[in-house]
Amino acid sequence: MAILKTKVKLYLEANSKTWEAEKDNMILQNDSDGNGDYIHTWNVSGLTKPSDSQIASYETAANAEEANDVIDATRQTQYLSWQEQMEMIYKDQKNGTSTFKDHCDKVRSDNPKG
């Protein structure tokens, strides 16, 4: 199940807003009472607070985004440092090889996005 923040982010984007620009204009809260996360405060200019059904409609897309975020994080650790990448690129250009491209292709094939 996707987290509320991801669903709200997608709702904002679907309405020409961004999370980064609007995150200080709302409060997402969990009262630890078993009822889960909810939108406590909504002050996004020009956009009404989404209903529960509107938020729920983003569940599938939010699950996919969160899964891709995990894959992106895994890829970042496997791509190596920028210094190592630059060294591969330099050697590829000098030697006419494709080590860097092959490395990136392997990281992507080992960690495919859905």
Largest-first ellipsoid semi-axes for the chain, taking √(5λ) over the Cα gyration tensor eigenvalues, angstrom: 40, 15, 12
Where labels lie 7 Å past Cα in the beta-carbon direction, separation of D24 and H40 in nm: 1.8
In nm, spacing of pseudo-spin labels at D69 and Y90 (7 Å Cα→C-beta vector): 3.7
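Which value, in debye to the nearest 20, describes the size of the charge dipole of the chain about its Cα centre when Lys and Arg Cβ atoms bear +1, Asp and Glu Cβ atoms bear -1, and nothing else is charged?
380
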Distance between segment 1-61 and segment 69-114 - C-alpha centres, whole angstrom: 35
Exposure proxy ranking, count of Cβ atoms within 10 Å, fewest first, for Y90, Y11: Y90, Y11
Under 14 Å, Cβ to Cβ, from Q76 - net charge with Lys/Arg +1 and Asp/Glu -1: -1
Cβ-based exposure ranking for K101, K9, in which fewest neighbours within 10 Å come first: K101, K9
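Bear in mind that the values in this text are calculations on the coordinates, not laboratory data. On a predicted model such as this, the values are computed, not experimentally measured, just so you know. Here the Cβ is made from the backbone with ideal geometry for all residues, glycine too, and neighbour counts use every protein chain on show.
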